[in-house]
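Let me begin by presenting the structure, written as structure tokens, before commenting on it.
The values are calculated or read from the model by the stated rules, or taken from the named source; none is laboratory data. Please read these numbers as outputs of a predicted model, since none were measured by experiment. In this analysis, Cβ positions are derived from the backbone assuming ideal geometry, glycine residues included, and neighbour counts consider all displayed protein chains. Accessible surface areas use protein heavy atoms only, side chains included; no ligands, DNA or RNA. Shrake-Rupley method; radii C 1.70, N 1.55, O 1.52, S 1.80 Å.
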Amino acid sequence: MKELVIDLEAEKKEILKRYRALLKASKAHLQKGDKRLIRQAFDMALESHKDMRRKSGEPYIYHPIAVAQIAAEEIGLGTTSIVCALLHDVVEDTAITLEDIEREFGKKIARIIDGLTKISGVFDTNSSLQAENFRKMLLTLADDVRVILIKLADRLHNMRTMEFMPRDKQLKISSETVYLYAPLAHRLGLYAMKSELEDLSMKYMESETYKFIARKLNEKKAEREQYVREFVGPIKEILEEQGLKAEVYGRPKSIHSIWNKMRKKGIPFEEVYDLFAIRIILDSRPENEKADCWKAYSIVTDLYRPNPDRLRDWISSPKANGYESLHTTVMGPKGQWVEVQIRTQRMNEIAEKGFAAHWKYKESSSDSGLDQWIQKVRELLKSSEANALDFLDDFKMNLFSDEIFIFTPKGALMQLPTDATALDFAFEIHSDLGAKCIGAKVNHKLVPLSHKLQNGDQVEIITSSKQTPKEDWLNFVVTAKAKSKIKSSLKEEKRRIGEEGKEILERKLKSLKITYNSENIQKIANYFKFLSTLDLFYNVAKGHIDLKDLKEYQASEKAVEHRSPDRIEAHQIEGLINKVKTKDSDTLLIGEDLQKIDYKLSTCCNPIPGDDVFGFITVNDGIKIHRTNCPNATKLMANYGYRVVKAKWTSQKELAFLTGLRITGIDEVGLINRLTTVISNDFKVNMRSITVDSDEGIFEGSIMVYVNDTQHLDNLIKRLKQVKGVTSVTRFDSEPQNIVKAS
Ligand code: MN
């Protein structure tokens, strides 16, 4: 432990300095009496947290002050929120009660603090009800959005000051952040905050890649700035000539968004062309805003040729979160595509600060897109019967997607997420319309239910009274509303059929002299590997399981005394966690046999030595080792954080691990032969499988190989890249369909 020498006098001064900075930041909103209120909240927070310190050793009060400052400065919230931010941890962590808050600050503030306290345990509980808690959190959002905004400020500050946390906490907190908080920030229009949250999460979850991209960006900084100067010079000149006051500058894209592009397109850093975007921020009078933006657009596209597919007009139809802007991509000097974003100062403030700025400008806010969205969330929460985790997955998808605009036959406008289908549209109008939908007419042409809608389509829904929701509908609908309606109606149907199955099973058990009780039913469900007893009943009714197998079950029950001792039952998980965690170094060592605890390498990401990994305790399958960048990791850590254990590799060379390589190239004679020669002869690596697809001279193959560790793999990749005809070699994590269940 590092010894801490604390200079209390200096600390007191620093606290006051930070408090004054907060007052300065909130100045814009202060009305008569507000200062006194903020002081009162500060005093209460200071007094109640006085004996507490952060992991860094700093006085705890730094945290609420910083959260309040973010709320005021970066989100643009007013006094009520500043007061709540200062007090956001007192009810949770100190002797102060909600009644105390209400007595001193009134009902409104007490309610927000109550909301903040309720959701503070969202991820910290040792219960599998975390997803249910998410739902509660969204409910408070529907109650008072300030609760979520302050929660986001709280999360942002925690992410900014996470370096003193232990590694497993860092991973867990980062996962939650990308899983839910960043999407929420996006949905509320807080783009700056969303980018920072994503970048910070990536810094902890993908630190090597993060550092690599940051370094690369830095190397080319001067060159990029020179390019931006050349690009914007003529634009500025003409804007001025035409009497348009504007700021024009280049803005670098976030590290996370660059990484996303690299992953999505499977390209190296060098091939990401849009590392920055140009922004033109016009100083316009309210009545000229739209005309000025289009004038600026005309100036830009006179100078540089626009890509006709890349014009986005969010001024005529703003996004649901209030975002307004004109985007275009033009061909700049040296044959480089450059994205240009045109908007006014008002629009820019909305883009940066989102929700709060939005409300400042809109007197009556009831018609704002955001309000409609919150209304939708409210409905969804009320109606959704889906299991909380599924619900969240669907909901989260909707947080991130952009909208398209669709017209009803009568010309009314509806907003739907990108990729929405005719069926989504039907459910959006009314759930009965969705349930009975058999097809649609898009722009007067007949299309199937799964038809993807395009911006501006006019859609008429065709129904039949005989139609009922089908399982495969879930494969193509994208809105959370449609998904939850379909799921609940399928469940209804399943329950009805399950009732029949239950009776059949009851009779069968009677004849086998097995007692019909819930314990036995659960055991039988487990035996047939069904997730629930309803699944069991349903499959019995459908005749999917052979009831003769019940005899085998009976036999296996008799042998139960000899059950293997390392099998982990659900109720033993707690014990196992404690066992793992109380080991000398609470870290699971993998790669050697000394370990008494059983682990398996997960097949969704195929970890190999050298990868950053963690252990995840499953109900039936012991501990599974995943890579921290496994496609499933975020979800597992965010929802079942309490089942995560630290894990690390011990050095060894004898074992081989399975991993996948994707190879693309020009299909030349003998290419496969050359590849396999490198793999088996030069590297003496065993291959498990090889699949090759060749299309018009383009070769695409995936090869599963056994390697010792990441170093070994990197060398192999390097060597394969040198094979004539090969254009790229990348490791792939998992097949998309290979998604693990948490249990
Ligand atoms: Mn906090």
Original post:
What do you reckon, is residue 595 modelled with pLDDT under 75, outside the structural domain of residue 725 (by TED's automatic domain parsing) and within 30 Å of residue 723 (Cβ to Cβ)?
Top reply: no
**OP:** Inspect the stretch 411-429 for any residue being at pLDDT 85 or above, part of a helix (DSSP H, G or I) and open to solvent by 50 Å² or more (accessible area, probe 1.4 Å) and give the result as yes or no.
**Re:** yes
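So that you can scan it fast, the table gives a plain yes or no per residue for (1) in a helix (DSSP H, G or I); (2) outside the structural domain of residue 152 (by TED's automatic domain parsing); (3) β-branched (Val, Ile, Thr):
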| residue | (1), (2), (3) |
| --- | --- |
| 38 | yes, no, yes |
| 44 | yes, no, no |
| 70 | yes, no, yes |
| 75 | no, no, yes |
| 80 | yes, no, yes |
| 92 | yes, no, no |
| 112 | yes, no, yes |
Original post:
For the stretch 23-37, does any single residue satisfy the condition of being away from the ligand (no atom under 16 Å from the Cβ) and buried (at least 21 other Cβ atoms within 10 Å of the Cβ)?
Top reply: yes
Original post:
In the stretch 672-699, how many are touching a residue at least 24 places away in the same chain (Cβ under 8 Å), surrounded by 13 or more Cβ atoms within 10 Å (Cβ to Cβ), closer than 21 Å to residue 606 by Cα and not aliphatic (A, V, I, L, M)?
Top reply: 2
Original post:
Within the stretch 78-93, which residues are crowded, with 19+ Cβ neighbours inside 10 Å and either within 16 Å of the ligand (Cβ to nearest atom) or closer than 14 Å to residue 117 by Cβ (or both)?
Top reply: 81, 82, 83, 84, 85, 86, 87, 88, 89, 90, 91
Original post:
Right, residue 634: out of contact with any Gly (no Cβ under 9 Å at 6 or more places or on another chain), open to solvent by 10 Å² or more (accessible area, probe 1.4 Å), modelled with pLDDT of 55 or more and of a type in the set (S, T, N, Q) or not?
Top reply: yes
Original post:
Residues 499, 561: which one is at pLDDT below 85 and not in a loop (DSSP other than H, G, I, E, B)?
Top reply: 561
**OP:** Quickly run through the stretch 434-465 and pick out the residues that are within 11 Å of residue 408 (Cα to Cα) and of a type outside the set (A, V, I, L, M, F, W, C).
**Re:** 441, 443, 456, 457, 458, 460
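Would you check if residue 67 is modelled with pLDDT of 90 or more, of a type in the set (A, V, I, L, M, F, W, C) and more than 23 Å from residue 162 (Cβ to Cβ)?
In short, no.
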Original post:
Restricting attention to the stretch 43-53, and to residues there that are open to solvent by less than 40 Å² (accessible area, probe 1.4 Å) and within 13 Å of the ligand (Cβ to nearest atom), which single residue is modelled with the lowest pLDDT?
Top reply: 49
Subject >> Number of positions in the stretch 505-529 that are surrounded by fewer than 18 Cβ atoms within 10 Å (Cβ to Cβ) and either free of Cβ contacts under 8 Å to residues at least 40 places away in the same chain or aromatic (Phe, Trp, Tyr) (or both) >> reply: 17
Original post:
So which residues in the stretch 612-631 are under 25 Å from the mean Cα position of the chain (by Cα), open to solvent by less than 20 Å² (accessible area, probe 1.4 Å) and of a type outside the set (Ser, Thr, Tyr)?
Top reply: 613, 614, 615, 616, 617, 623, 625, 626, 627, 630
Original post:
Looking at 710, 730, which is the one that is modelled with pLDDT of 75 or more and closer than 25 Å to residue 172 by Cα?
Top reply: 710
Original post:
Quick one: residue 196 ticks every box in (1) surrounded by fewer than 19 Cβ atoms within 10 Å (Cβ to Cβ); (2) within 30 Å of residue 145 (Cβ to Cβ); (3) of a type in the set (Asp, Glu) bar one, so which box is it?
Top reply: (1)
Original post:
Of (1) at pLDDT 75 or above; (2) open to solvent by 50 Å² or more (accessible area, probe 1.4 Å); (3) closer than 26 Å to residue 194 by Cβ, residue 451 satisfies all except one. Which?
Top reply: (3)
Subject >> Odd one out for residue 669, checked against (1) at pLDDT below 80; (2) aliphatic (A, V, I, L, M); (3) open to solvent by less than 60 Å² (accessible area, probe 1.4 Å) >> reply: (3)
